[in-house]
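Derivation of every value follows stated rules applied to the coordinates shown; laboratory data play no part. None of the values given here were measured: they were computed from a predicted structure. Methodologically, a virtual Cβ is constructed for each residue, glycine included, from the backbone with ideal geometry; neighbour enumeration extends over all protein chains shown.
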Amino acid sequence: MPKRKMVDFDINKNLESLDPLQRLDIKEAIIKTHGKMFPCGKSIEYLTQLFKENVEPNFKISCGRCKRRVINFWKQRLENWQMF
């Protein structure tokens, strides 16, 4: 099995590069998904795509726990950015 090359991937730098409009979009998506019995599917897809682009490129959603992990991650970021 061939070894994979490690790509330079700085999570903090990627999260700092998010502009205020993206952060507002994240906030709207969190409002539509966090703590909801039937969360918005498009919002979950948006949050997951951002998570893959900025945090963990090899992340795959395989269960509800994975979705909760992504939602809680972005909610925590919003709290750190003092937007939630």
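Please report, largest first and rounded to whole Å, the three semi-axes of the ellipsoid equivalent to the chain, where each semi-axis is the square root of five times an eigenvalue of the C-alpha gyration tensor. Please report the intermediate quantities before stating the final value.
Details: eigenvalues 108, 61, 18 Å².
Each semi-axis is √(5λ); the values are 23, 18, 9 Å.
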*Multiply the residue gap between Asn58 and Asp25 by 0.36 nm, knock off their C-alpha separation, and tell me the result in nm, one decimal place.*
9.6 nm
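What is the magnitude of the charge dipole of the chain about its Cα centre, with +1 placed on the Cβ of each Lys and Arg, -1 on the Cβ of each Asp and Glu, and no other charges, expressed in debye to the nearest 20? Intermediate results must be reported in sequence, preceding the final value.
On the way: 17 positive and 10 negative charges, 102 e Å.
Dipole about the Cα centre, nearest 20: 500 debye.
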_Estimated FRET transfer efficiency (Arg68, Lys42; beta-carbon r; R0 22 Å; 0.05)_ = 0.80
_If each residue of separation counts as 0.36 nm, what is the full-extension length gain between Glu79 and Ser17 once their alpha-carbon separation is subtracted?_
20.6 nm
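I need the helices of the chain that pass two filters: whole DSSP H segments spanning 15 Å or more by Cα along the axis, and mean Kyte-Doolittle score no lower than -0.5. Intermediate results must be reported in sequence, preceding the final value.
Working: long enough: 20-33 (20 Å, -0.16); 41-54 (20 Å, -0.72); 64-80 (24 Å, -1.37).
Span-like helices in the chain: 20-33.
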